[in-house]
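What follows is a single structure, written as structure tokens, with notes after it.
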Amino acid sequence: MGGCGARSPRRPGIPPGSLLSAFPSGKSRGDCQRARFPGGAPFYAINHFHSLCLFFFRFYDHGLSVGAAELQLHVEDSNDSTVLWRVLCNQGNQWSQATIQLGRLTQPFHLSLDKVSLGIYDGVSAIDDIRFENCTLSLPAESCEEPDFFCCRRSKACIEKLLLCDLVDDCGDHTDEVDCVPEFQCNFENGICNWEQDTEDDVDWTRKHGPTSTLNTGPMKAHTLGTAKGHYLYIESSEPQVSQNRATLLSPVLNATDAGGCTFRLYYHMCGKHIYRLAIYQRVWSNTRDSCCGRYLGIKATDG
């Protein structure tokens, strides 16, 4: 084994246990092995996963030419797959944890873990401790207290009012996504809706589906649909962009809110070195488009 191998288990003080491994040695270059979850079943029987659903597993990928590993999502009645996670090279002689944001999945599915051997030197890949968390929808509730909660009309689940009209079926019966104002929503599946690209910035936002061109930085999938078919907007922070290039997306002009206030919500993905800042500004209009002022509302500044 060339001195490398998964030392099971990773847990201190616990006797050696079981794990799933691939390619101890002697495999040919380009050989592929696939593990499917759950084993022996074509798809999970669960049709409704919560929008906060997470998938965890421990992985071990060590060796001079250990090769690549890739986790894919396969949805029933679709020939397309969505890459959820990948590693391309030696990850060191240690166990690491992978956390995958599955999100809201409304169709049966299965996951596959593909492992490709380079077939030059010895290497070992292994996985252990597979689990799902926060994946079940809310159960029917006996009571649902107003005004902070909403009672789903058919499932009778009780969800937070903040989840209404967020483009995700949190109830499991879609009743939290009815009576919504289309002008106040956009999931970018059919363009950028009533938003506009600023003509005075440095670069435009790009509408895309699937992974971005820069490896291991952008999202693998859109948030709304949870698969590579879904669309989102993104900015490429690497070349040809330069430091502090600005890309601005403008909302439509909104009328003043009532005393209860207004909540603006979006999902964002930021990954990569020196990505700098994503910011939201509130612009308060006077009489003309050229007469306004901005108030910084956040979101995030980062150097890594």
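Close Cβ contacts (under 8 Å, 6 or more residues apart or on different chains) running from residues in segment 159-173 that are under 17 Å from P147 (Cβ atoms) and open to solvent by 50 Å² or more (accessible area, probe 1.4 Å) to residues that are part of a loop (DSSP other than H, G, I, E, B) and not charged (D, E, K, R) comprise K161/P147; L162/T263. Here the condition is being surrounded by fewer than 19 Cβ atoms within 10 Å (Cβ to Cβ) and at pLDDT below 80; of N90, N47, N79, it holds for N47 alone. Here is the figure for segment 57-74: residues that are among the charged types (D, E, K, R) and surrounded by 22 or more Cβ atoms within 10 Å (Cβ to Cβ) total 1. Annotation: F132 fulfils all but one of (1) of a type in the set (A, V, I, L, M, F, W, C); (2) farther than 20 Å from V75 by Cα; (3) open to solvent by 30 Å² or more (accessible area, probe 1.4 Å); the unmet one is (2).
Residue-wise test of (1) open to solvent by less than 40 Å² (accessible area, probe 1.4 Å); (2) at pLDDT below 85.
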position	(1), (2)
D176	yes, no
W195	no, no
S213	no, yes
R246	no, no
L254	no, yes
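Applying a threshold of 8 Å to beta carbon distances and a minimum spacing of six or more residues, or different chains, the list of pairs starting in segment 265-282 at a residue that is on the phi < 0 side of the Ramachandran plot and without any contact (Cβ under 8 Å) to a residue 60 or more places away in the chain and ending at one that is open to solvent by 100 Å² or more (accessible area, probe 1.4 Å) and assigned to a loop (DSSP other than H, G, I, E, B) reads K273/D303; I275/D303; L278/Y268; I280/F264.
Flag not set for L137, criterion: open to solvent by 20 Å² or more (accessible area, probe 1.4 Å) and either modelled with pLDDT of 85 or more or more than 20 Å from the chain's Cα centre (by Cα) (or both).
Of the set (1) free of Cβ contacts under 8 Å to residues at least 24 places away in the same chain; (2) farther than 17 Å from S51 by Cβ; (3) open to solvent by 50 Å² or more (accessible area, probe 1.4 Å), all apply to D202 but (1).
Among residues of segment 241-259 that are touching a residue at least 40 places away in the same chain (Cβ under 8 Å), those with a Cβ under 7 angstrom from a residue that is of a type in the set (A, V, I, L, M) and assigned to a loop (DSSP other than H, G, I, E, B), sequence gap 6+ or separate chain, pair up as N245/V203; A247/V203; A247/I235.
Quick check: is even one residue across segment 109-124 within 21 Å of C262 (Cα to Cα), open to solvent by 90 Å² or more (accessible area, probe 1.4 Å) and not in a strand (DSSP E or B)? No, that holds for no residue.
For segment 180-193, a tally of residues being touching a residue at least 12 places away in the same chain (Cβ under 8 Å) and either in a loop (DSSP other than H, G, I, E, B) or open to solvent by less than 40 Å² (accessible area, probe 1.4 Å) (or both) returns 8.
Pull up segment 140-155, narrow it to residues that are open to solvent by 70 Å² or more (accessible area, probe 1.4 Å), more than 28 Å from the chain's Cα centre (by Cα) and not hydroxyl-bearing (S, T, Y), then point me to the one that is modelled with the lowest pLDDT. For segment 140-155, the residue satisfying everything is E146.
The values are calculated or read from the model by the stated rules, or taken from the named source; none is laboratory data. None of the values given here were measured: they were computed from a predicted structure. As a convention, Cβ positions derive from the backbone with ideal geometry for all residues, glycine included, and neighbour counts pool all protein chains shown. These area figures cover heavy atoms from the full protein model, side chains too; ligands, DNA and RNA do not enter into them. Shrake-Rupley method; radii C 1.70, N 1.55, O 1.52, S 1.80 Å.
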